[in-house]
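The values are calculated or read from the model by the stated rules, or taken from the named source; none is laboratory data. Since the structure is predicted, the reported quantities are computational estimates derived from the model, not experimental observations. Don't worry about glycine lacking a Cβ; one is built from the backbone with ideal geometry, like all the others, and counts go over all protein chains shown. Side chains are part of the model used for accessible areas, which takes the heavy atoms of the whole protein and leaves out ligands, DNA and RNA. Shrake-Rupley method; radii C 1.70, N 1.55, O 1.52, S 1.80 Å.
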Amino acid sequence: MPREIAQTQPPSLAHQVALASQWILYESFTCFAPLVSLIYWALLFPTQNDILDSGLDTWMGVSMHALNSVLMLCEVGVFAKTPYRYSHFWILFVFLALYLGLAYFMVGVYGFYVYPFFDSRYFGGYIALICLLIIDIIAVVWVIMLMVHRLRDGLYPRWLLKRQRTTVF
């Protein structure tokens, strides 16, 4: 008796939007978490020694700028099976541009710089170089994460990888 082949319907638009959102959020989280940790601990933390005077301030700095990278490593190494796609690379730069716009929106509305290295009074023409450096760091982190995902997927047992995949774009 031949086994009946189940007819599957194409995924709905809501399913495709949810899947695309999950991929975008996952890839942005796995790339921006190391960037946030690197910028905070390399550039911002050494200048805030006089501000972090209480244990609560220190815990907030550590929990917001170090634990996100720890959680990202757990997500990538243990929990997630989300594939990296070459077509999603440009989305990170859109998010960077939106965040840069938000940072300068804060200057215009509230009069303070989220990051002191965006202040043109102190850094002048170097702001463009800083932005290019951040773009380069994101590109390097994305390539590293792509290689980590490829290595991780190669180490998984084949029976874990045999699941139906749906592609959105």
Short version: ³J(HN,Hα) in whole Hz for each residue of the range 122-139, in order, from phi by Karplus 6.51 cos²θ - 1.76 cosθ + 1.60 (θ = phi - 60°), x for Gly and Pro, what are they? 9, 10, x, x, 7, 4, 5, 5, 5, 5, 5, 5, 5, 4, 5, 5, 4, 5
Probe radius 1.4 Å, ligands and nucleic acids left out: which of 72, 106, 60 has the largest accessible area, and how do the rest follow? 60, 106, 72
Applying the Karplus parametrisation 6.51 cos²θ - 1.76 cosθ + 1.60 with θ = phi - 60° to the phi angles of the range 86-94, what ³J(HN,Hα) value in whole Hz is obtained for each residue in order, glycine and proline being reported as x? 4, 5, 8, 4, 5, 5, 4, 6, 5
Provide the net charge surrounding residue 74, with neighbours chosen by a C-beta distance below 14 Å and charges set as Lys +1, Arg +1, Asp -1, Glu -1. +1
Counting only protein heavy atoms and using a 1.4 Å probe, what share of the accessible area of the range 54-159 belongs to carbon plus sulfur, as a whole percent? 76 percent
